[in-house]
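J.: Encoded as structure tokens, here's the structure I'll be asking about.
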Amino acid sequence: LPALMACKVPPHLALGTNKFQSVMGTSCALANYWRKSKVAWHVAAVGIPFSLIGSALGARLALYVPQALLAKVIVALLPFAGIAIFSSRRIIRASEHAHIVMHSLYFVTPIVCAVIGLYDGFFGPGTGTFLIIALVLFLRMSMINASATAKTFNLASNVGAFITFIVSGHIDYQIGLVMGTANITGAISGSHLAMKHGHNLVRRLLAVSIGMLFIYLIWKYLI
């Protein structure tokens, strides 16, 4: 998303195009986890409808915000998404041998999916990490199962927002296809790495790239 905005794609179009490519990458990552039987489908079945509805509402809300204001909101939210992405390691590491808390399943999961889905539809970056942290903290899932199950919610929220942006006409399909192809490659590689080695290398690379983009966007939209 910040990369699209750094390339002078208007905020609403950037959000829609980002959802297009995210659907492609998240689908491939989920398929990889599915083949490895890492998805807790009984948890996924509870949360998916709420992720769809929440993200559709979030995308609709984003469309009502003027583009100039939306750009400033996105820049303001980026640091919080970055903090979640790069500070979640201790929380996730502590859950390696956890077990699902079943009495929280039908109460916590819908709330988590609706709230994070709303955020994903309106903004998006860090959604996967937020979902993993929520599943680990509230349902006591293991890290690998939380990562896999979070992909089902993330895909659902991507689809909900994607459909909303299709209807509103805020998608650049040419850019989205190029990004989606790259995202598929990264998603397949990343899901393999997550199941084998963790996220340390990717985390460092993201820290550098997001930091540079954030500085550029502050200069472009806030100075």
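J.: If packing is taken as the average count of other Cβ atoms within 10 Å, what order do 53-61, 169-177, 11-19 fall into, highest mean first?
T.: The peptides rank, most packed first, as 11-19, 53-61, 169-177.
J.: Additional query: Given labels modelled 7 Å from the Cα in the Cβ direction, how far is it in nm from Lys36 to Val167?
T.: 3.6
J.: Please report, as a whole percent, how much of the solvent-accessible surface of region 23-63 comes from carbon and sulfur atoms (probe radius 1.4 Å).
T.: 71
J.: Also, I was wondering about something else. Quick check: the distance between the Cα centres of region 14-69 and region 132-163, to the nearest angstrom?
T.: 9
J.: Assuming R0 = 41 Å, can you tell me the calculated FRET efficiency for the pair Ala3 and Ser104, based on Cβ-Cβ distance, to the nearest 0.05?
T.: So the FRET efficiency works out to roughly 0.65.
J.: Can you give the local net charge around Asp120? Use residues other than it whose beta-carbon is closer than 15 angstrom to its beta-carbon, Lys and Arg +1, Asp and Glu -1.
T.: +3
J.: Also, quick follow-up: What ranking do 116-128, 26-38 get when scored by the average of other Cβ atoms within 10 Å per residue, highest first?
T.: So the order, starting with the most tightly packed, is 116-128, 26-38.
The values are calculated or read from the model by the stated rules, or taken from the named source; none is laboratory data. Since the model is a prediction, treat every value here as computed from it, not as a measurement. Positions of Cβ are generated from backbone atoms using ideal geometry, with glycine treated the same way; all protein chains shown enter the neighbour counts. What goes into the accessible areas is simple: the full protein's heavy atoms, side chains included, and nothing from ligands, DNA or RNA. Shrake-Rupley method; radii C 1.70, N 1.55, O 1.52, S 1.80 Å.
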